[in-house]
Amino acid sequence: MTDLAEARRELALANNIVANEGVLDAFGHVSMRHLNHPGRYLLSRSRAPELVTAEDLIEYDLDSRPVRGTNVAQYSERVIHGEIYKARPDVMSVCHHHAPAFMPLLATRTDYVPVFALGTIGGSKPPFWDQRDEFGDTDLLVVKPEQGTSLARALGRHWMVLMNRHGVTVAGTSVRECVFRSIMASRNAEFQVRAMTLGPIEPFTPGELDLCANIIGVTTGLTRSWEYWAMRVAKAGGGPRPRAKKTAPKRPAAKNSKSAKRRR
Ligand SMILES: [Zn+2]
């Protein structure tokens, strides 16, 4: 995909999808690195991701400053995105979320463990980051550049980092991969917590982990999932709005009527 307008629509839909699947609510956001300017990224103005449209997207530099002046409200945690793009040239998309499925793990610092094949997309035991370790008592929002840098450092070469008592940050090599990882890892977290109430989890072998993590690279699963989730957004009445018709339908002539006078 090379068309920036199409990429902007896809990013807006990505926000709608991840919200529609219960990973985002009023909080959280999905961003993408700018297609033509790797030193910039696109992220919505501050609004619930289920409502985001392409028109809401703001272009930021990697210090998370808007490239063009704007008066609209902005997400306070945007440094998460900027600092990860800065640290990881291979990352093309980032999602930060507070998915309910993860909260039991985040409250107890329990490792994320893949429990089904697609759950391996979240990695095996991805790192934890505790804001308290470096910054003491905070409101847990990642708003200062140094906090974003610290989080990016914890992410390292992984694709997901768990944030104690807060949420999760996910990276991807594309918007669709980032969406897939965000949703499937949340499903896995839900299954994992339920499984732990029944007994010990039987782990994947290292070989299985490698093979399963590559499923989306060797199947049509990524495209199929995107179409499925996009369809669910459309059924819920969201997603890209149909474009306005260029010409309005003709109205019957109403000479000398009040409505005809109003239209003149
Ligand atoms: Zn957050």
Exercise. Compare Met184, Met103, Met196 in a GNM of the chain, Cα atoms joined below 10 Å, and give the one with the largest fluctuation.
Key: Met196
Practice problem: Starting from the amide H of Tyr75, placed 1.01 Å from N in the peptide plane, find each other amide H under 5 Å away whose residue is 5 or more places distant or on another chain. | Solution: Ser46
Quiz prompt | Computed label-point distance, nm, for sites Glu146 and Asp210 using a 7 Å Cα→Cβ extension | solution = 4.1 nm
Practice problem: Taking only Cα atoms and a 10 Å spring cutoff, compute GNM fluctuations for the chain and point out the largest among Phe135, Phe102, Phe116. | Solution: Phe135
Quiz prompt | Degrees between helix 221-235 axis and first principal axis of the chain (Cα, 0 to 90, nearest 10) | solution = 50 degrees
Quiz prompt | Gaussian network model of the chain, springs between alpha carbon atoms under 10 Å - residue of Pro49, Pro127, Pro89 with greatest fluctuation | solution = Pro89
Practice problem: Grab the beta carbon distance between Thr197 and Ser174, set R0 = 30 Å, and tell me the FRET efficiency rounded to 0.05. | Solution: 0.25
Quiz item: Say the dipole of the chain comes from +1 at the beta carbon of Lys and Arg and -1 at that of Asp and Glu; which of Gly122, His34, His97 then lies farthest toward its positive end?
Solution: His34
Exercise. Give me the number: length gained by fully extending Met103 to Asp63, i.e. 0.36 nm times residue separation minus the C-alpha to C-alpha distance, one decimal in nm.
Key: 11.5 nm
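What is the dipole size for the chain, taken about its Cα centre, with +1 at each Lys and Arg Cβ and -1 at each Asp and Glu Cβ, in debye to the nearest 20? The partial results should precede the final answer.
Details: 37 positive and 27 negative charges, 538 e Å.
Charge dipole of the chain: 2580 debye, to the nearest 20.
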Exercise. List, in order, the whole-Hz ³J(HN,Hα) value for each residue of the stretch 39-50 obtained from phi through the Karplus relation with A = 6.51, B = -1.76, C = 1.60 and θ = phi - 60°; use x for Gly and Pro.
Key: x, 9, 9, 10, 8, 5, 5, 6, 7, 4, x, 5
Exercise. Distance between Cα centroids, the stretch 174-244 to the stretch 86-155: provide it in whole Å.
Key: 18 Å
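Normalised by the number of residues in the chain, what is the relative contact order in percent for Cα pairs under 8 Å and 6+ residues apart? Mind showing how you got there, number by number?
Numbers: 423 pairs, mean separation 55.3, N = 264.
21 percent.
Length gain on complete extension for the stretch Asp137 to Ala5, per 0.36 nm per residue less the alpha carbon to alpha carbon distance? Working shown, then result.
Working: separation 132, 0.36 × 132 = 47.52 nm, distance 4.19 nm.
Here the segment from Asp137 to Ala5 would lengthen by 43.3 nm.
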Quiz item: Taking R0 as 30 Å, what's the FRET efficiency between Thr219 and Asp111 from their Cβ-Cβ distance, rounded to 0.05?
Solution: 0.65
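Where a number appears in this text, it was derived from the coordinates with a stated rule and is not lab data. It should be emphasised that the depicted structure is a prediction, and the values quoted were computed from it without experimental measurement. Reconstructed Cβ throughout: ideal geometry from the backbone, glycine too, with neighbour counts over all protein chains shown.
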